[in-house]
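Only one structure is covered here, and it is reproduced in the block below.
The values are calculated or read from the model by the stated rules, or taken from the named source; none is laboratory data. These figures come from a predicted structure and were not determined experimentally. Cβ: placed from backbone, ideal geometry, glycine included. Neighbour counts: every protein chain shown. Accessible surface is based on the protein model in full, side chains and every heavy atom, while ligands, DNA and RNA are left aside. Shrake-Rupley method; radii C 1.70, N 1.55, O 1.52, S 1.80 Å.
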Amino acid sequence: MVHKFKQLGYNIVLDSDSNGVHVLDDCAYDMLDLISAPMSEEMPLNLPAQLAKYSEDDVRGAYAELYTLYKEGSLFAEDDYKKYSDTMVKSPVKSMCLNVSHDCNLRCEYCFAQTGDFGGERCIMPPEIGRKAIDFLIERSANRENIELDFFGGEPLMAWDTVMETVKYARSIEKQHGKNFRFTITTNGVLLDDEKIEFINREMVNVVLSLDGRRETTDRIRKTLNGKSAYDVIVPKFQKLVKGRTTEGKTDYYVRATFTKYNLDFTEDVLHMRELGFEQLSAEPVVTDEKEPFAITGADLPRIYSEYDKLCEVMANRTKDRFNFFHFMVDLDQGPCAIKRLRGCGCGNDYVAVDPNGNIFPCHQFVGIDKWKMGNLNDGTFDDEIKSYFAKTHLYSKQGCADCWAKFYCSGGCNANSYIYEGDCRKPHKLSCELQRKRLECALALAVHKALADSK
Amino acid sequence: MKHVVTVNKANLKASAEKGGCGKCTSSCQSACKTSCTVANQKCESVK
Ligand code: SF4
Ligand code: SF4
């Protein structure tokens, strides 16, 4: 499947099924609307007349070049990946979201965890559940060596003893089992202090730091319990953490914002975070009930698209104070294999989430939904049927994904979003799809821009 | 070539043939976990 679009002044073509990416001149770009596979070596006779605004030489030349791409398999490649999806089986569990705290010290209005408690009681995970989680991963991960565990919540720093205990336990037994634990943490930063910063920078391969950008954007929606500014508390702590980290040579962290209807000019928030000294940035659209005043709806799409265009241009033109924007990063050349791309969400299959009481759910977004409970660490139960269902939930079993040009970069979106907003894990959430495709165009354009600049 | 500049060659089919080793990070496509979407990942077996 071929997708063509203009961005940053380039005529870009993505051949989805081969991952070929090309930049075309106007003549070849217009021609793509008129031809399809199978291409013949001979140019169709009526093409010059259909493209009369170009010289016949150009039309011939462009056709010949497109034909070369076609022959080498990077244009109009066929989608023959379904055969791999038919053999998709359950994977070892090697990744976990550990909800160490179902409590939070902020009251962010858009929180999907309903201000931290996931609709249940506020509680903290005892250290022994953390240790059981490690045992579970060692047992269930078969021969997988790299095991990922993300401390999440609620606010995970509220369960600091459990975080430390869990890490310590894993480190004490990982070698004897041939495992390598990769810890990450997602925090709002309120409770960060020197000791925690030091521990996090030593033990965690990635940290996600939640901040919404400018002071007014952050404080409008990330509410503290005492009514004071969250921004003022958090920013210096994040700066300290990031400085410590980068001095040690670790570049993996994200300062992550959620944008809502209140700040559709989120480029300003991204740039503000850069001004604060952060270089790894992210801003993600809030996904929430349309009835919320800050919800993003279909009507906001044109505004958001133009904002993404703006951000994309800013990034392309910057020569200093550059930064990475999470959603505009693609690795064209060394990205994951096609098999991996058939199933972008590992939920319930190689990934699970565990709540403070040891209940196991397919992922952090399913936590608290009884119907999706997979088992419990205390009694050793683990539902294999739910696992099989998710193993078979991939591009070719989801509605519309096989015919979507973005499929090998989106990989079918978020199962939880689909379930919560469309009622079915296999029915992609339309608004998320639209945003995904737009971001991907920007990402591809930036990759093209960089490749062309490097080649000069 | 005069009309076309190829920025990325076809590499997806070949990746399918030798792929699926499972060494790479688990991924999540949702907005609430920034660390691991597919487009951001690298293959961990071709180092
Ligand atoms: S954008 Fe939507 S339709 Fe396209 S692959 Fe992703 S989830 Fe499927
Ligand atoms: S269901 Fe969504 S939130 Fe959960 S792991 Fe999959 S992509 Fe991530």
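Structural remarks
- When all protein chains stay in place and ligands, DNA and RNA are ignored, the 1.4 Å accessible-area order of A:Glu248, A:Glu155, A:Glu42, A:Glu128, largest first, is A:Glu42, A:Glu248, A:Glu128, A:Glu155.
- Kirkwood Rh in Å, taken over the stretch A:258-374 so that all alpha-carbon pairs contribute: 17.3 Å
- Highest-first arrangement of A:94-101, B:20-27, where packing means the average Cβ count within 10 Å: A:94-101, B:20-27
- Alpha carbon convex hull of the stretch A:97-157, projected area averaged over orientations, nm²: 4.8 nm²
- Equivalent ellipsoid semi-axes - Cα gyration tensor, the stretch A:1-142, angstrom: 55, 22, 11
- Amide H partners (placed H, <5 Å) of A:Ile124, local residues excluded: A:His102
- Computed over the stretch A:1-94: relative contact order in percent, which uses C-alpha pairs under 8 Å that are six or more apart: 29 percent
- Using 0.36 nm per residue and subtracting the Cα-Cα separation, the extra length available between A:Glu279 and A:Glu195 on full extension is 27.9 nm.
- Cα gyration tensor of the stretch A:343-449 - equivalent ellipsoid semi-axes, whole Å, descending: 30, 14, 12
- Averaged over the residues of peptide A:140-150, the number of Cβ atoms from other protein chains lying within 10 Å of each residue's Cβ is 2.
- Peptide A:346-359 - average C-beta neighbours from other chains (10 Å radius): 2
- Rolling a 1.4 Å probe across the protein heavy atoms gives the protein assembly as shown an accessible surface of 42 Å² per residue.
- Entries of A:Lys132/A:Lys373; A:Lys4/A:Lys71; A:Lys83/A:Lys392; A:Lys250/A:Lys340; A:Lys168/A:Lys250 with Cα pairs more than 24 Å apart: A:Lys250/A:Lys340
- Scaled to the globular estimate 2.2 N^0.38 Å, the Cα spread of the protein assembly as shown, given as radius of gyration, is 1.00.
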